[in-house]
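Comments concern the structure below.
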């Protein structure tokens, strides 16, 4: 089971790298925000998996909870900002 | 009444977030919950808690399995499209505009979130009672608003609906 | 029991993979949002159910129960938050004038009361 958790954590790292392509080269601003949010979701799972690998789940579960809440709030704030300002593209 | 209900919900949340029962942590929790529920009990319950609200909660819990089933279908659809080699020929994306009969804010939020989680459709914009929905295919757009509107309306007592 | 947990985690990672592939391949912003907004929710839900089961296997005490409830509360929070974040971003994109990718140039199709196109 430990090996399965280790390899799924590695697979999630690979998927995060793939997502970073969109976050860096996305055609519009919104593609970058979606990419960043998607990376955040995977990071919450990755934190839980790391907690199980190191047997410190009591600490990492709080980190994952706070991380997911911050990710959600960040997405909401950025989209509010662009509703007021517009993205600058026609 | 609403103060007490809010207090006990917050206290339960505190216990499961801390997991400690010594006098220092538990007393701190009681003080914090009393303060926060004094300040925000009118935010948590807009109207007084009543029997009707409890019925709505029970109906909402009954709605969740159907929603999970729809999420499963949606993801199978996404998997099929994502690995399809000629994906651009399969899809026909467009925006659908329709009116809904739902009025209450909470039921509109539930309806919008349910649309986002079901196969091939996501909510773009709600303007009063007009919904703008982005659909990925013609077939999935035909099923809107349909059954889901009736189910959501049934939860909040706005639409009569029988199985 | 641990095998069931492992199957759940693998299924979650598979749905994350599908969502990422869709996110990279779909033609425009709105269709990409279809992939992430849904693949996100189910992938996270399955992974968390698997991890909570595994936590219940290796850690049967009051502390283990508290950690299990915390892990499941992440899933409940995300279940509400993910569609809301998707909707907020799409609304910002639609109002600032990002055009959807279409095949024939018809962007908005109206629907009447009876569900027929008008």
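Just to confirm my filter: which strands (runs of 3 or more DSSP E) fall fully inside region B:47-153 and include at least 1 residues that are within 30 Å of residue C:21 (Cβ to Cβ), in contact with a helix residue (DSSP H, G or I) (Cβ under 8 Å, 6 or more places away or on another chain) and in contact (Cβ under 8 Å) with a residue 40 or more places away in the chain? Of the strands (runs of 3 or more DSSP E) lying wholly inside region B:47-153, those with at least 1 residues that are within 30 Å of residue C:21 (Cβ to Cβ), in contact with a helix residue (DSSP H, G or I) (Cβ under 8 Å, 6 or more places away or on another chain) and in contact (Cβ under 8 Å) with a residue 40 or more places away in the chain span B:94-99, B:130-135.
Checking each residue in region B:139-163 for being surrounded by fewer than 18 Cβ atoms within 10 Å (Cβ to Cβ) and either modelled with pLDDT under 75 or touching a strand residue (DSSP E or B) at 6+ places or on another chain (Cβ under 6 Å) (or both) picks out B:139, B:142, B:143, B:146, B:147, B:157, B:158, B:159, B:160, B:161, B:162, B:163.
Of A:77, A:33, A:57, all but one fail to be within 17 Å of the chain's Cα centre (by Cα) and facing chain C (nearest Cβ under 7 Å); the exception is A:33.
Could you tell me whether residue B:70 is modelled with pLDDT under 80 and surrounded by fewer than 20 Cβ atoms within 10 Å (Cβ to Cβ)?
Numbers: modelled with pLDDT under 80: no; surrounded by fewer than 20 Cβ atoms within 10 Å (Cβ to Cβ): yes.
No; evaluated as a whole, the condition is false for this residue.
The values are calculated or read from the model by the stated rules, or taken from the named source; none is laboratory data. Because the structure is predicted, anything quoted here is derived from the model rather than measured. Reconstructed Cβ throughout: ideal geometry from the backbone, glycine too, with neighbour counts over all protein chains shown.
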